[in-house]
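The values are calculated or read from the model by the stated rules, or taken from the named source; none is laboratory data. Treat the numbers as computed from the prediction; the structure is a model and nothing was measured. Heads up, the Cβs are rebuilt from the backbone with ideal geometry, glycines too, and the neighbour counts pull from every protein chain shown.
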Amino acid sequence: MATATETDTTQYLTFKLGDEVFALDITKVREVLDFTTVTKVPRTPEFMRGVINLRGSVVPVVDLRLKFGMKKTEQTVNTCIIISEVTVDGDTTILGALADSVQEVLDMDAEHISAAPRIGTKLRTEFIKGMGKQDDRFVIMLDIDRVFSADDLTFARDHRSETSVAATP
């Protein structure tokens with residue numbers, strides 16, 4: 001009886017920011033929403049676009065373009081919010097991340113992912129799990145837990161709590 005060889009294959013949600021294709025491990029993604037009204041919260045960092053009401057829960061929304069030093073995300077017909085779980089220092093927070101568009105869910109073998117480059121990218125490389133190759137394009141595999149600092153998440157949680165208290169009649 002022949003034994004099957006196991007390949008480490010992971011599913012990734014791919015999305016675009018500008019001309020670049022990024023990917024998140026699908027286990028970190030809860031859902032993808034069409035762009036909706038985002039309520040701005042005063043005295044927040046520029047990349048913190050505000051909060052949305054997600055079935056009665058207040059969810060902070062961040063602009064990944066701004067976090068990565070790109071131009072602010074402009075709303076188009078394809079703009080969406082990726083709802084994901086982010087864990088930093090053992091604390092998990094639900095965040096919405098603006099994306100120009102969502103592409104597809106890819107199955108990527110570990111052998112098709114190479115280490116993050118040390119130069120030649122606009123991002124600090126600690127955000128990057130690796131560079132995937134899909135057909136003739138590169139996909140930047142993000143480690144969403146490293147995109148945000150503990151201070152960013154504490155800030156998001158504090159403002160989510162303040163907003164939900166303020167919204168309660």
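How do the pairs read when you match residues in segment 3-30 that are over 15 Å from Met108 (Cβ atoms) with residues anywhere that are part of a strand (DSSP E or B) and modelled with pLDDT of 95 or more, using Cβ under 6 Å and keeping only pairs 6 or more apart or on different chains?
Short answer, once both residue conditions are applied: Lys16/Ser101; Arg30/Ile83.
Specify which of the listed residues (Thr87, Thr168) is surrounded by fewer than 12 Cβ atoms within 10 Å (Cβ to Cβ), of a type outside the set (Asp, Glu), out of contact with any strand residue (DSSP E or B) (no Cβ under 7 Å at 6 or more places or on another chain) and at pLDDT below 90. Steps first, answer last, please.
Working: Thr87 fails: surrounded by fewer than 12 Cβ atoms within 10 Å (Cβ to Cβ).
Exactly one of Thr87, Thr168 is surrounded by fewer than 12 Cβ atoms within 10 Å (Cβ to Cβ), of a type outside the set (Asp, Glu), out of contact with any strand residue (DSSP E or B) (no Cβ under 7 Å at 6 or more places or on another chain) and at pLDDT below 90, namely Thr168.
From the set of residues in segment 33-49 that are of a type in the set (Val, Ile, Thr) and in a loop (DSSP other than H, G, I, E, B), which is surrounded by the fewest Cβ atoms within 10 Å (Cβ to Cβ)? Full working, then the answer.
Taking segment 33-49 and keeping what is of a type in the set (Val, Ile, Thr), we get 36-39, 41, 44.
The next check asks that each one be in a loop (DSSP other than H, G, I, E, B); those that pass are 36-38, 41, 44.
Values: Thr36: 12, Thr37: 7, Val38: 19, Val41: 21, Thr44: 17.
That would be Thr37.
Here's the yes/no breakdown for (1) more than 20 Å from Ile140 (Cβ to Cβ); (2) small (Gly, Ala, Ser):
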site	(1), (2)
Val58	yes, no
Arg65	no, no
Met70	no, no
Glu85	no, no
Ile94	yes, no
Ala97	no, yes
Ser101	no, yes
Val105	no, no
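Exactly one of (1) at pLDDT 90 or above; (2) under 27 Å from Thr9 (Cβ atoms); (3) in contact with a helix residue (DSSP H, G or I) (Cβ under 7 Å, 6 or more places away or on another chain) is unmet by Asp100. Its number?
It is condition (3) that Asp100 fails.
Would a scan of segment 9-32 turn up a residue that is surrounded by 10 or more Cβ atoms within 10 Å (Cβ to Cβ), touching a Leu at 6+ places or on another chain (Cβ under 8 Å) and assigned to a loop (DSSP other than H, G, I, E, B)?
Looking through segment 9-32, none of the residues is surrounded by 10 or more Cβ atoms within 10 Å (Cβ to Cβ), touching a Leu at 6+ places or on another chain (Cβ under 8 Å) and assigned to a loop (DSSP other than H, G, I, E, B).
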